[in-house]
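The values are calculated or read from the model by the stated rules, or taken from the named source; none is laboratory data. It should be emphasised that the depicted structure is a prediction, and the values quoted were computed from it without experimental measurement. When we count neighbours, we look across all protein chains shown, and the Cβ atoms used for this are built from the backbone with ideal geometry, even at glycine.
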Amino acid sequence: MTNEILIQDADAIKLASELSDLTGDSLKMVVVTALRQEVERERARKARQERIMNITREIALSARYGLDRANQEAAGHGLAA
């Protein structure tokens, strides 16, 4: 199995070439940089989603059991109280 990537998409090649021309970086470098940036954006998106889910759980617990009970439940689930 090889670790090579072959890009045969005209739009991808055009975009990578344009970015290479604008930055002065090689095609390889602009592709790697773009992929790194996308990975970081996705990690941040997932972290935000987890925080939102934790806040939603806290709200649901406080609505169901009252604030004191929600704080106890949140602490039991590793959520911020």
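Quick one: what pairs do we get from segment 33-44, first residue more than 22 Å from residue 22 (Cα to Cα) and of a type in the set (Val, Ile, Thr), second surrounded by 10 or more Cβ atoms within 10 Å (Cβ to Cβ) and modelled with pLDDT of 95 or more, C-beta under 9 Å, 6+ apart or different chains?
Listed pairs, sorted by first residue: none to list.
Tell me, which residue of segment 1-60 that is in a loop (DSSP other than H, G, I, E, B) and of a type in the set (D, E, K, R) is surrounded by the fewest Cβ atoms within 10 Å (Cβ to Cβ)?
Going residue by residue through segment 1-60, those that are in a loop (DSSP other than H, G, I, E, B) are 1-9, 24-26.
Of the ones still in play, those that are also of a type in the set (D, E, K, R) are 4, 9, 25.
Values: 4: 5, 9: 9, 25: 14.
Ranking the candidates gives 4 first.
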